[in-house]
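The values are calculated or read from the model by the stated rules, or taken from the named source; none is laboratory data. Being a predicted model, the structure only gives us computed values, none of them experimental. All Cβ positions, even for glycine, are placed from backbone atoms using ideal geometry, and neighbour counts span all protein chains on display. To get the accessible areas, we keep the full protein, side chains included, count just its heavy atoms, and leave off ligands, DNA and RNA. Shrake-Rupley method; radii C 1.70, N 1.55, O 1.52, S 1.80 Å.
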Amino acid sequence: MPSLDNFFTETIATVVVFVVIMVLRSVINGLVRNYATKSQILEHRLNLVIKYNSIFFMLLFMTAVFIIWGVQTKDLFLTVSSVLTVIGVALFAQWSILSNITSGVILLFSFPFKIGDIIRIHDKDFPIEAEIEDIRSFHTLLKTSDGELITYPNTLLMQKGISIVRHHTFDDKEFTD
């Protein structure tokens, strides 16, 4: 019964790959958490990096399972290219969303400023000086000294000149000019 033996071998290989991927994911996430603790990276940024790691390891696991179970690469490439084409057309129609996501990732990893910093955005039509409340995937929340909450697209943060008026320290209690 070669087919039953193949099924058993593929099942065992899938379980082994799953365990290896889970262990690697746990080790990498532990290293990321240690680094975040040492460099005082904020919790929500840490959670985003861990989420991206999980997506990466899920894709790695799916690829390994396709290889183990003998999925034909031409069929796999046809499916993936079709899905990516549809996604590409949809994202091209929504290029600003893609641009904001890309800017959010850049802001996430480059850390030009942190939550709690007071920044000045140099825009001739609408200059803003505000405290950074939160940095999200699509936009950044800014709070002015008047208490006004502004949702500012990450793309514009990457395009405009920005001055950091004051860095946030753990001793800062309130936003003052």
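So is E43 of a type in the set (D, E), under 27 Å from F109 (Cβ atoms) and either surrounded by 10 or more Cβ atoms within 10 Å (Cβ to Cβ) or at pLDDT below 90 (or both) or not?
Judged against the criteria, E43 is a match.
Restricting the first residue to the stretch 1-15 and requiring it to be assigned to a helix (DSSP H, G or I), which pairs with a second residue that is modelled with pLDDT under 90 and exposed (fewer than 10 other Cβ atoms within 10 Å of the Cβ) meet a Cβ separation below 9 Å and a spacing of at least six or different chains?
Short answer, once both residue conditions are applied: N6/G70; E10/G70.
Tell me whether the stretch 4-26 contains one or more residues that are modelled with pLDDT under 85 and surrounded by 11 or more Cβ atoms within 10 Å (Cβ to Cβ).
Yes, the stretch 4-26 contains at least one residue that is modelled with pLDDT under 85 and surrounded by 11 or more Cβ atoms within 10 Å (Cβ to Cβ).
Filter the stretch 107-143 down to the residues that are part of a helix (DSSP H, G or I) and crowded, with 16+ Cβ neighbours inside 10 Å and list them by number.
Hits for the stretch 107-143 are L107, L108.
Would you check which residues across the stretch 58-78 are part of a loop (DSSP other than H, G, I, E, B) and open to solvent by less than 50 Å² (accessible area, probe 1.4 Å) and list them? Steps first, answer last, please.
Narrowing the stretch 58-78 to residues part of a loop (DSSP other than H, G, I, E, B): 69-72.
Across the stretch 58-78, the qualifying residue is only G70.
To keep it simple, each residue is scored yes or no on (1) among the hydroxyl-bearing types (S, T, Y); (2) modelled with pLDDT of 75 or more; (3) over 22 Å from the mean Cα position of the chain (by Cα).
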site: A93; (1), (2), (3): no, no, no
site: I97; (1), (2), (3): no, no, no
site: F109; (1), (2), (3): no, no, no
site: D123; (1), (2), (3): no, yes, yes
site: E129; (1), (2), (3): no, yes, yes
site: S137; (1), (2), (3): yes, yes, no
site: N154; (1), (2), (3): no, yes, no
site: M158; (1), (2), (3): no, yes, no
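One residue is enough: does the stretch 27-36 have a residue meeting the conditions touching a helix residue (DSSP H, G or I) at 6+ places or on another chain (Cβ under 7 Å), of a type outside the set (V, I, T), modelled with pLDDT of 85 or more and open to solvent by 50 Å² or more (accessible area, probe 1.4 Å)? Walk me through it before giving the result.
So the first thing to find is which residues in the stretch 27-36 are touching a helix residue (DSSP H, G or I) at 6+ places or on another chain (Cβ under 7 Å), and the list is 28-29, 32-33, 36.
Cutting the leftovers down to of a type outside the set (V, I, T) gives us 29, 33, 36.
Imposing the further condition that a residue be modelled with pLDDT of 85 or more reduces the set to 29, 33.
Within this subset, residues satisfying the condition of being open to solvent by 50 Å² or more (accessible area, probe 1.4 Å) are 33.
Scanning the stretch 27-36, I find at least one residue that is touching a helix residue (DSSP H, G or I) at 6+ places or on another chain (Cβ under 7 Å), of a type outside the set (V, I, T), modelled with pLDDT of 85 or more and open to solvent by 50 Å² or more (accessible area, probe 1.4 Å), so the answer is yes.
Tell me which residues, restricted to the stretch 160-177, are at pLDDT below 65 and either more than 14 Å from D117 (Cα to Cα) or open to solvent by 60 Å² or more (accessible area, probe 1.4 Å) (or both).
Within the stretch 160-177, H168, T169, F170, D171, K173, E174, T176, D177 qualify.
Provide a single number: the residues in the stretch 100-136 that are on the phi > 0 side of the Ramachandran plot and of a type in the set (A, V, I, L, M, F, W, C).
So the count comes out to 1.
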